[in-house]
Amino acid sequence: MEALLMLFVAVVVYFLPLIVAVMRSKENAVAISMLNLFLGWTFIGWVVALVWACMNDQAPAR
């Protein structure tokens, strides 16, 4: 049972950038999810995806 809980926690932590992006309604949520899915295992990719998900969207130029 503990192994199943640890697996669940690991999956949630791995996809944390995607969860943050969806909760913040990011315009680039799909790109963030692709970066997280394919490069998240490198840790650098995971950090980049998390930072990108936490950044504010740019307002359109007038």
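Cβ-Cβ contacts under 7 Å between residues 6 or more apart (or on different chains), taken from a first residue in the stretch 40-58 that is closer than 17 Å to Val30 by Cβ to a second residue that is among the basic types (Lys, Arg), are listed as Ala53/Arg24; Ala53/Lys26; Asp57/Lys26. Taken over the stretch 25-41, the criterion of being under 19 Å from Ala10 (Cα atoms), modelled with pLDDT of 95 or more and out of contact with any Leu (no Cβ under 9 Å at 6 or more places or on another chain) is satisfied by Met34, Leu35, Phe38, Leu39. Do we have Val20 as surrounded by 11 or more Cβ atoms within 10 Å (Cβ to Cβ) and in contact with a helix residue (DSSP H, G or I) (Cβ under 7 Å, 6 or more places away or on another chain) here? Taking the combined requirement at face value, the residue satisfies it. Of all residues in the stretch 29-45, none satisfies being part of a loop (DSSP other than H, G, I, E, B), within 13 Å of Met55 (Cβ to Cβ) and not acidic (Asp, Glu).
The values are calculated or read from the model by the stated rules, or taken from the named source; none is laboratory data. If you're wondering where the values come from, they're calculated on a predicted model, not measured in any experiment. Note that we place each Cβ from the backbone using ideal geometry, even for glycine, and neighbour counts take in every protein chain shown.
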